[in-house]
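Engineer: Take a look at the following structure, please.
Every read-out reported here was derived from the displayed coordinates using simple, explicitly stated rules and does not represent laboratory data. A quick note: this is a predicted structure, and the numbers were derived from the prediction, not measured. As a convention, Cβ positions derive from the backbone with ideal geometry for all residues, glycine included, and neighbour counts pool all protein chains shown.
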Amino acid sequence: MTNIAVVVGSTREGSFNRMLGKLAIRALEAKGAIVADVDLSDFDLPLYSAAREAEAFPADAERLKRLFAAQDGLLFVSPEYNGSVSPLLKNAIDWASRPTGDESLVALSAYRGKASAVMAASIGPFGGLRGLMHLRQILSTIQTLVIPEQVLVPNAHAAFDADGNLVEALPATLVEMTAARLVAVAKALAV
C-alpha cells in the first residue's frame, strides 16, 4: 500500500482549502492509498527559530516529522496569503525539515525522495496560483519530487456545492488526475 499524508495549510472553520483537502483524500483512497489527514491544529508548533530549536526541539514538531517520514507521498493544500503559502503551512514544513538525533544538517529525512503534490483554493480569480509557485519551490528545495499536476480552484466561495463537492467539472477532474499521479509516483519512488 502507498501511504500519503494530506496537509492543509488552513485551520479556519469553513476553509475552502479544507474542503479541497477532503476531496483529495477521497480521490487518493479511491486510488488505493492509505491516507493520513494531517490537521495542523493538532500540533503545537511555535514559530520556527534556531534559538528555539537549540533550546529544545518541540515534541509536536518531532511528531509531525515522524508522521511525514512514514509516508510515501505528501499532498499539500494551501491558501494563498499575500501571493505565497500560509505561514501555518510554511512553519510546519520548516520544523519537519530540521535534523533530529544524529542526523546531518541536510538529512531532510521527512522529505527526501518522496513524491509531493500541491493544490489550492482561493476566492480570487487565480485560484492560489502564486502561492503554489512558491510552494513548489519550497518542496523542491527540501528534496521532494513535485509532480507536474496541480489543482487550482478560483472563486472558491462559489466553487463548492452544499455537500462540499466541486461544482465545475474541470477542477473535479484535476483532483482525480492529481491523486492518481501522486499515488503512482509515490509508489514508484518507494520501491
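Engineer: Return H134, H157 ranked ascending by Cβ neighbour count within 10 Å, so the fewest neighbours appear first.
Structural biologist: Details: H134 17, H157 10.
Ordered from fewest to most neighbouring Cβ atoms within 10 Å, H134, H157 come out as H157, H134.
Engineer: If you don't mind, there's one more thing I want to ask. When only Cα pairs under 8 Å and 6 or more residues apart are kept, what is the percent relative contact order across the range 2-190? If you can, show how the numbers build up before the last one.
Structural biologist: Values: 372 pairs, mean separation 47.7, N = 189.
Answer for the range 2-190 is 25 percent.
Engineer: Can I ask one more? Quote the charge dipole size of the chain about the Cα centre in Debye, to the nearest 20; the model charges only the Cβ of Lys and Arg (+1) and of Asp and Glu (-1).
Structural biologist: The calculation lands at about 420 debye.
Engineer: Right, here's the next one. Residues with beta-carbon under 11 Å from that of T178, excluding T178: net charge, scoring Lys, Arg +1 and Asp, Glu -1? Present the calculation step by step, with values, prior to reporting the outcome.
Structural biologist: On the way: positive: K31, R181; negative: E149, E176.
For residues surrounding T178, the net value is 0.
Engineer: Enumerate the calculated ³J(HN,Hα) couplings along the range 23-30 in order (Karplus 6.51 cos²θ - 1.76 cosθ + 1.60, θ = phi - 60°), each rounded to whole Hz, writing x wherever the residue is Gly or Pro.
Structural biologist: Going residue by residue, I get 5, 5, 4, 4, 5, 5, 5, 5 Hz, with x marking Gly and Pro.
Engineer: How large is the Kirkwood hydrodynamic radius of the chain, in angstrom, based on all distinct alpha carbon pairs? Mind showing how you got there, number by number?
Structural biologist: Numbers: mean 1/r = 0.0604 Å⁻¹.
Every distinct Cα pair counted, the radius reaches 16.5 Å.
Engineer: Classify the range 17-103 as rounded, prolate or oblate, taking a ≥ b ≥ c as the square roots of the eigenvalues of its Cα gyration tensor: rounded when a/c is under 1.5, otherwise prolate if a/b is larger than b/c and oblate if not.
Structural biologist: On the way: a/c = 2.60, a/b = 1.48, b/c = 1.76.
Because a/c hits 1.5 or more and a/b fails to exceed b/c, the range 17-103 counts as oblate.
Engineer: If you don't mind, there's one more thing I want to ask. First measure r as the distance between the Cβ atoms of R112 and A162, then evaluate 1/(1 + (r/R0)^6) with R0 = 45 Å and state the FRET efficiency to the nearest 0.05.
Structural biologist: Values: r = 42 Å, r/R0 = 0.92.
Plugging the Cβ-Cβ distance into 1/(1 + (r/R0)^6) gives 0.60.
Engineer: Tell me what the chain gives for mean residue ellipticity at 222 nm when only DSSP H runs of n ≥ 4 count, each as -39,500 (n - 2.57), the sum divided by the residue total, rounded to 500 deg cm²/dmol. List each step's numbers first, then the result.
Structural biologist: On the way: 6 runs with 78 residues, N = 191.
When only DSSP H runs of four or more count, the value is -13000 deg cm²/dmol.
Engineer: Toward the positive end of the charge dipole of the range 49-118, about the Cα centre and with charges on Cβ (Lys, Arg +1; Asp, Glu -1), which of N91, A61, V118 goes farthest?
Structural biologist: V118
Engineer: Can you sort M119, M133 from fewest to most other Cβ atoms within 10 Å of each residue's own Cβ?
Structural biologist: Neighbour counts put them in this order, fewest first: M133, M119.
Engineer: Also: Using the basic label-point model (7 angstrom from Cα toward the beta carbon), what is the Q137 to I123 distance in nanometres?
Structural biologist: Distance between the two pseudo-spin positions: 2.7 nm.
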